[in-house]
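Structure, as structure tokens:
The values are calculated or read from the model by the stated rules, or taken from the named source; none is laboratory data. In this text, all values refer to a predicted model and were calculated from it rather than measured experimentally. No Cβ is skipped: glycine too gets one built from the backbone with ideal geometry, and neighbour counts run over all protein chains shown. To get the accessible areas, we keep the full protein, side chains included, count just its heavy atoms, and leave off ligands, DNA and RNA. Shrake-Rupley method; radii C 1.70, N 1.55, O 1.52, S 1.80 Å.
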Amino acid sequence: MDFIATILFLALVISSTKALDPCGPQPDDSDLLLIPIYGKCSPFNPPKPDSLFNTVMNMASKDPARVKYLSSLVAQKTTAVPIASGQQVLNIGNYIVRVKIGTPGQLMFMVLDTSNDVAWVPCSGCNGCSATTFSPNTSSTYGSLDCGLPQCAQVRGLSCPATGSAACSFNQSYGGDSSFSANLVRDSLGLANDIVPDFAFGCINAISGGSVPPQGLLGLGRGPMSLISQSGALYSGVFSYCLPSFKSYYFSGSLKLGPVGQPKNIRTTPLLKSPHRPSLYYVNLTGISVGQVQVPIAPEYLAFNPNTGAGTIIDSGTVVTRFVQPIYKAIRDEFAKHVKGPFTAIGVFDTCFDATAEAEAPLITLHFEGLSMPLPMENSFLHTSAGSRACLAIAPVPNNVNAAMNVIANLQQQNHRILFDVINSRLGIA
């Protein structure tokens, strides 16, 4: 009897382990796994990071290009049919989601980006793409889109002819050293248990360079081509995510789409909107505290200006929070009053100190209209590989960025539930 009971127990454990596979599909859950591209569940088999600090430093090295790109979007003037050169500078994404495209669904792992709209994936026959591509020929719901359709007018880098009918094609650069060309198409998009029919996205036919995400990008911005806009009543303009910590190599976060199951008692702040770049999620940052001291910041460095794009955005694709130089200097100067130096610079961080002094380091609190966001220690400080130095994990906006724009990045968002309610123009933090 004992032997049989033991066998049954082991069988139960094995089956439960399979059912609770953290990297497998979640058939009974409407949430999507949000997978760190460098984590255990990533299908791209990145080398396991030798240290958290080196991982963040490597990812943050691409931040200046992304911040410059976000700034250039803000400065762009709108036209009835935006036709651009396609010289966009994006940044490799840090989190990916499992989706299915077509009928029957073809599995793809796409980068999540809250500051971009048009989704795109590599398609079969693509020149320079990875081995995993979407095959339009095997999908019964696939269709092409031509230049005369309204969706085509929403694509940046458009290359449609002035007259006549043609496939809606566009070209974009990515990561500063890569580019791709694509046709705008439509097909079913499967997200957990949901299907978004006739979802418009870019079908990539050629890639140059190595920075383009291997299986594409899913835009969650506020523009008309984003997932939130195209899904209509299905998600009611509401989504939230919880980004796993960079320390969580073995764990994934979650992307929750739609109002059902969102946190009930959540503090919110208004979402602001710039008419010159409606995709970006602006918030009203009113101040910053270092410990108990609210640092002195001239109002013009915090103020939202819809005409120039100045202000503060929240972004999933930037790694380290960036403040314009006067704000960053005020934070750094107040921080230095509480922590014993000397301070040194390591990579993008110029406020690094002996790790033994971390116990006396004050916490950083971000104050928004209607709520405050205290940053836990792991969202504020990073340790070097040897652990002997700790660095304040924020940085100044690069000098080559024209617009006075602050970016609340994913390192500071980690382990918070960030709720985006586009219809009611509010952002929640729990």
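Of the residues making up the stretch 308-348, those that are hydrophobic (A, V, I, L, M, F, W, C), under 15 Å from N406 (Cβ atoms) and in a helix (DSSP H, G or I) number 3.
Looking across the stretch 114-130 at every residue that is open to solvent by less than 10 Å² (accessible area, probe 1.4 Å) and at pLDDT 90 or above, the one that is farthest from Y281 (Cα to Cα) is identified as C123. Residues satisfying the criterion are present in the stretch 368-386 (criterion: part of a loop (DSSP other than H, G, I, E, B) and among the polar types (S, T, N, Q)).
Yes or no, residue by residue, for (1) among the polar types (S, T, N, Q); (2) more than 16 Å from the chain's Cα centre (by Cα); (3) farther than 26 Å from P104 by Cβ:
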site: V196; (1), (2), (3): no, yes, no
site: G210; (1), (2), (3): no, yes, yes
site: P213; (1), (2), (3): no, no, no
site: L220; (1), (2), (3): no, no, no
site: Q230; (1), (2), (3): yes, yes, no
site: S254; (1), (2), (3): yes, no, no
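Scanning the stretch 131-163 for residues that are loosely packed, with under 15 Cβ neighbours inside 10 Å, farther than 26 Å from P278 by Cβ and touching a residue at least 12 places away in the same chain (Cβ under 8 Å) returns S135, N137, T138, S140, G143, S144, P161. Residues in the stretch 351-408 that are open to solvent by 40 Å² or more (accessible area, probe 1.4 Å), small (G, A, S) and over 30 Å from H276 (Cβ atoms): A359, S385, A386, S388.
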